[in-house]
Amino acid sequence: MKIIAFGGSPSKNSINKKLATYAASLFENADVEVLDLNDFQMPLFSVDIEEEIGQHPLAQAFLDKITTADILVVSMAEHNGNYSAAFKNIFDWCTRINAKVFQNKPMLLMATSPGAKGGASVLGVAKNAFPFYGGNINATFSLPSFNDNFDIKKGQISNPELDNQLKEIVKGF
């Protein structure tokens, strides 16, 4: 089983990438590949740029990675209640090649933030929008107060109740 995981942030210390990496590690007998949005930097999408350069090869590369997955583990970063600009740009370029970006792959959709709501706004936006783009969302998970509930050194959720909740979700796949 192949899992593609990523955090929806370009931060080198992305808490969402840390959460996605941890969640992906919970799947037994899985080959996990963690993507870094920084590997898919493209010019800001516009129809004018698309007309000038055509479909960007990095957008196709991102879609090719999704194609290899049996399961997607995605943790969205919340920027002002919505997706990060970096994720949205990759997404916009990809939809010009294949509107069903997520290719109906089973998805664990998550979010976290330093705040008590754990990225609930962006999680709601993504949960409502992704099905229109081939997102087959099997489960969602929000980790509130990342700094209080995640042990960065161990790379895992430190709150036993929340950790068990995520582990039960993964078992459900």
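The values are calculated or read from the model by the stated rules, or taken from the named source; none is laboratory data. Given the structure is predicted, the values throughout are model-derived calculations rather than measurements. FYI the Cβ positions are ideal-geometry reconstructions off the backbone, even for glycines, and counts take in every protein chain you see.
Conditions (1) touching a Cys at 6+ places or on another chain (Cβ under 8 Å); (2) free of Cβ contacts under 8 Å to residues at least 12 places away in the same chain; (3) of a type in the set (Val, Ile, Thr); (4) farther than 19 Å from Ile97 by Cα, marked per residue:
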position: Asn13; (1), (2), (3), (4): no, yes, no, yes
position: Ala24; (1), (2), (3), (4): no, no, no, yes
position: Glu33; (1), (2), (3), (4): no, no, no, yes
position: Phe40; (1), (2), (3), (4): no, no, no, no
position: Ile49; (1), (2), (3), (4): no, yes, yes, no
position: His56; (1), (2), (3), (4): no, no, no, no
position: Ile66; (1), (2), (3), (4): no, no, yes, no
position: Ala77; (1), (2), (3), (4): no, no, no, yes
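Can you find a residue that is within 21 Å of Asn38 (Cβ to Cβ) and surrounded by 14 or more Cβ atoms within 10 Å (Cβ to Cβ) anywhere in the range 148-156? Break it down stepwise before answering.
Step one: of the range 148-156, the residues within 21 Å of Asn38 (Cβ to Cβ) are 152, 155.
Now drop any that are not surrounded by 14 or more Cβ atoms within 10 Å (Cβ to Cβ), which leaves none.
No, the range 148-156 has no match at all.
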Of the residues in the range 85-104, those that are outside any helix (DSSP H, G or I) and closer than 12 Å to Ser46 by Cα come to Arg96
Which is outside any helix (DSSP H, G or I), touching a Ser or Thr at 6+ places or on another chain (Cβ under 9 Å) and either surrounded by fewer than 17 Cβ atoms within 10 Å (Cβ to Cβ) or not acidic (Asp, Glu) (or both), of Ala139, Ala116?
Ala116
For the list (1) surrounded by 18 or more Cβ atoms within 10 Å (Cβ to Cβ); (2) at pLDDT 95 or above, I need the number of the one condition that Asp31 fails.
(1)
